[in-house]
Amino acid sequence: MRKYYVDNIRWIIILLLVPYHAAMAWNVWGEPNYIYFKGNKIISSIVVFFSPYFMPLMFSIAGISTRFALQKRTIGQYVLERTKKLLIPFIFGTALIMPPIAYIADKFNCGYQGNLFQHYAVFFTHFTDLTGADGGFCVWGNIAMLQDL
């Protein structure tokens, strides 16, 4: 039996993550971001307030969902289902979504002069802190995208 309260908590958290991540562009603590504007203490305070809750809630929801899913299928079926559902979006995000975002970050933060297609070579060969804020390969955006599925 489907637990609609779990689905409702999931979509509310995901909906709140959009403005939360957008607000990171105004952080006052100097954390690298794809785009950075002049710091705003009020917006930063909201980000700091919500920061401790999002990831634990997402992991809790994932665990609850896994428990209910394993009541209907075997572990092997579950692993195969998760692999099919997560591998394709991961590959798609790595190849088509994250390089343009990293390109914007590289232009904004590092003054990159090339075009988007030239930047693909940079994206797939430049490995640093994995945030993507420096234009290099970014795994965190893909992980965040997969958690939302």
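Rule-based calculations on the coordinates, nothing more; no lab input. Because the structure is predicted, anything quoted here is derived from the model rather than measured.
With the helix formula -39500 (n - 2.57) applied to DSSP H stretches of n ≥ 4, the chain reaches a computed 222 nm mean residue ellipticity of -22000 deg cm²/dmol. Taking the longest Cα principal axis of the chain as reference, the axis of helix 116-125 is set at about 70 degrees.
In a Debye calculation with equal point scatterers on the alpha-carbon sites of the stretch 1-138 and no solvent, what is log10 I(q)/I(0) at q = 0.09, 0.17, 0.21 Å⁻¹? After summing over all Cα pairs, the log10 values are -0.39, -1.07, -1.22.
Taking Cα atoms, how many degrees apart are the long axis of helix 4-23 and the longest axis of the chain, rounded to 10 and kept between 0 and 90? Roughly 10 degrees, rounded to the nearest 10.
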